[in-house]
Amino acid sequence: MSENPKLELKGISKSYGRTVVLDSIDLNVYENEFFAVLGPSGAGKSTLLKIIIGVEEPDEGRIFIDGKDVTDLPPNRRNLAVVFQSYALYPNMTVYENIAFPLKMRHFPKSKIRAKVVDVATKLGIYEILDKNVTKISGGQKQRTALARALVRDPAIFLLDEPLSNLDARIRFRAREELRKIQQQLKQTFVYVTHDQAEIANMASRVAVLHLGRFEQIAEYSELYNHPRTVWVGDFIGNYPMNYISGELFDGKYKGYKLGFRPEWSEISADGGIRATVASVDTIGDTHYLYCAVGDETFVVKGNRYVEPGNEIHVKIAKCNTYLDGILKQSDIKIGQ
């Protein structure tokens, strides 16, 4: 990874009236990186994207691309390419005409337009459909057409605004794999904005988790999953939220702390560990998620056998994290082992 940021945000803040949308955002994205901004609705993702593009102005802070301050430059002078979730393709045009459109608007010679379109279309595997109308191609081909139209402009950075959300669920997985391969092949910097962690879990080299206008954590997805820096990140990341139980359950050893662990980090044991009552069970295939209660506290255990609600079990925890005032303090502690 290059030492010099391709995109750098310094102290970016934005408010609408009394509502703070972005609060002193700092961020470095490096050359050839597949970087993701992840967060729920209302986190500030759209506002952040608009500020990077240049259609919104920050109240405070500066934006740098390739080391150049572009804060006061209009969008057309920032050398960015944006791929929206709708792809924004022109339905009355062919694939070729869609890809060529930005070059035509910049008055490139026809021969140069043809050469660039053919080159990009070949790289993205859509050369054979250049003469087709975009209404007659698949969702994956539309995605590649939108990327090709952006790529012919030789942008410094690709900004992708939830580009897979309009694809059918059955082809979304394949589209994710294709997008990652495209990024690696093109050796371009991608900034991918989404609310769906499944989209970026295996694509992004790093993920910035945005919550209420601030980055809660910036790390590889595996780090977010295994060692969430805050209780909120642990709740947000994962198919099941991280369990949080009081340290007082363990003879006061962790008094005042919360213990955070994933359902799959725990197991039913013959004895030892936590003694809990099964309240209910979710069964998915041959996996059983046991909702357990200890006094007023509840947590979920991933088990390989069904347990009738109302029965008592012993639970051991292979690893957990400790949190004080919602902040990670210690990782990978074993309980009841």
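Here are some notes:
- Sub-8 Å Cβ pairs linking a first residue in the range 44-63 that is closer than 15 Å to Gly213 by Cα to a second residue that is open to solvent by 90 Å² or more (accessible area, probe 1.4 Å) and of a type outside the set (A, V, I, L, M, F, W, C), at least 6 apart or interchain, are Lys45/His195; Ile51/Glu57; Gly61/Lys10, ordered by first then second residue.
- Sole residue being at pLDDT below 95 and part of a loop (DSSP other than H, G, I, E, B), chosen from Pro40, Pro58, Pro102: Pro40
- Any hit, the range 96-109, residues being at negative phi, under 28 Å from the mean Cα position of the chain (by Cα) and of a type in the set (A, V, I, L, M): yes
- Contacts under 8 angstrom Cβ, first residue in the range 96-109 being closer than 17 Å to Asn79 by Cβ, partner among the β-branched types (Val, Ile, Thr) and surrounded by 11 or more Cβ atoms within 10 Å (Cβ to Cβ), 6 or more apart: Pro102/Val152; Leu103/Ile113; Leu103/Val117; Leu103/Val152
- Considering residues of the range 102-121 that are crowded, with 16+ Cβ neighbours inside 10 Å and among the hydrophobic types (A, V, I, L, M, F, W, C) only, the residue farthest from Lys181 (Cα to Cα): Phe108
- Some residue of the range 304-313 being in a strand (DSSP E or B) and hydroxyl-bearing (Ser, Thr, Tyr): no
- Where strands (runs of 3 or more DSSP E) sit wholly within the range 122-236, those with at least 2 residues that are open to solvent by 20 Å² or more (accessible area, probe 1.4 Å) occupy 206-211, 214-219.
- Qualifying residue in the range 255-266 (condition: touching a Cys at 6+ places or on another chain (Cβ under 8 Å), assigned to a helix (DSSP H, G or I) and closer than 23 Å to Gly234 by Cα): yes
- Set Asn76, Asn32: member being open to solvent by 50 Å² or more (accessible area, probe 1.4 Å), assigned to a loop (DSSP other than H, G, I, E, B) and within 20 Å of Ala150 (Cα to Cα): Asn32
- Members of the range 82-101 found to be open to solvent by 70 Å² or more (accessible area, probe 1.4 Å) and either farther than 23 Å from Ile53 by Cβ or in contact with a strand residue (DSSP E or B) (Cβ under 7 Å, 6 or more places away or on another chain) (or both), listed by number: Phe84, Gln85, Pro91, Asn92, Glu97
- Test: residue in the range 303-320 that is within 25 Å of the chain's Cα centre (by Cα) and either open to solvent by less than 40 Å² (accessible area, probe 1.4 Å) or aliphatic (A, V, I, L, M) (or both): yes
The values are calculated or read from the model by the stated rules, or taken from the named source; none is laboratory data. Computed from a predicted model, the values in this text were never measured in an experiment. Methodologically, a virtual Cβ is constructed for each residue, glycine included, from the backbone with ideal geometry; neighbour enumeration extends over all protein chains shown. Remember, those area values only see protein heavy atoms, side chains included, never the ligands or the DNA or RNA. Shrake-Rupley method; radii C 1.70, N 1.55, O 1.52, S 1.80 Å.
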